[in-house]
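What follows is calculated from the coordinates using simple rules that are stated; it is not laboratory data. Quick caveat: nothing in here was measured; it's all calculated off a predicted structure.
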Amino acid sequence: MSMFQRGDHVRVKPREEIILLLGRSGTSLWFDPKMYNYCGRDFVLEKQSIKPYWWSKFGWAWDEEWLEPYER
């Protein structure tokens with residue numbers, strides 16, 4: 001079950017935290033080096049594909065572990 005819903009505000013965790021999470025969750029989602037540019041940025045979740053992956057307006061799919069809730 002997903003901890004987020006469509007329309008939730010989230011922030012991409014810092015690069016250092018994401019590096020520690022890569023490969024731990026057992027997911028095969030790729031973290032492209034270009035995605036580091038979005039670390040620390042906030043956005044609204046657009047849609048969910050295969051759980052626990054979310055799409056953003058940036059055009060990337062994000063693993064839930066790489067995101068944290070964000071209050072605007």
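Structural remarks
- Added length on full extension, which subtracts the Cα-Cα distance from 0.36 nm per residue, N37 to E17: 5.8 nm
- Stretch gain in nm, segment E68-D8, where the contour uses 0.36 nm per residue and the Cα spacing is subtracted: 20.6 nm
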